[in-house]
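Below you'll find the structure, written out as structure tokens, and then a few comments.
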Amino acid sequence: MIACEECFFSHRDTASGGKLTQDVTQGYGPEMYVLPRAPRGHYDVRAHYFASDTNRTSARTKVYVTVFENWGAPNEKVSERVVTLETGKEYHQIASIDR
């Protein structure tokens with residue numbers, strides 16, 4: 001059982017079989033984390049905001065998130081959410097999933 005594992009540009013493959021498909025450092029993405037066969041357990045999905053606030057105008061950065069659970073199965077569930085990233089260098093909760 002894996003208690004906690006982060007996936008990011010220099011750790012793209014996770015022990016549970018997940019993968020960051022690409023790490024977009026210039027532009028607007030998309031970035032995708034794919035976990036084809038998630039082990040049973042609780043998952044907290046978070047975004048680590050790496051931006052600096054020094055050159056920011058009044059506009060805030062937003063993350064548009066789509067989470068697919070049981071993709072392709074009769075009980076497939078799709079959740080969409082917009083998360084505003086308030087300050088740089090912090091983690092922002094995206095979703096909590098129990099499988």
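The values are calculated or read from the model by the stated rules, or taken from the named source; none is laboratory data. From a predicted model like this one, the values you see are computed outputs, not experimental measurements. Backbone-built Cβ (ideal geometry, glycine too); neighbour counts: all protein chains shown.
For region 10-19, state whether one or more residues are modelled with pLDDT of 80 or more, charged (D, E, K, R) and loosely packed, with under 10 Cβ neighbours inside 10 Å. Talk me through it step by step, then tell me what you get.
Initial filter on region 10-19 (modelled with pLDDT of 80 or more): 10-19.
Of the ones still in play, those that are also charged (D, E, K, R) are 12-13, 19.
Within this subset, residues satisfying the condition of being loosely packed, with under 10 Cβ neighbours inside 10 Å are none.
No, every residue in region 10-19 fails to be modelled with pLDDT of 80 or more, charged (D, E, K, R) and loosely packed, with under 10 Cβ neighbours inside 10 Å.
Answer yes or no: is there a residue in region 35-49 that is surrounded by fewer than 11 Cβ atoms within 10 Å (Cβ to Cβ), hydroxyl-bearing (Ser, Thr, Tyr) and modelled with pLDDT under 85.
no
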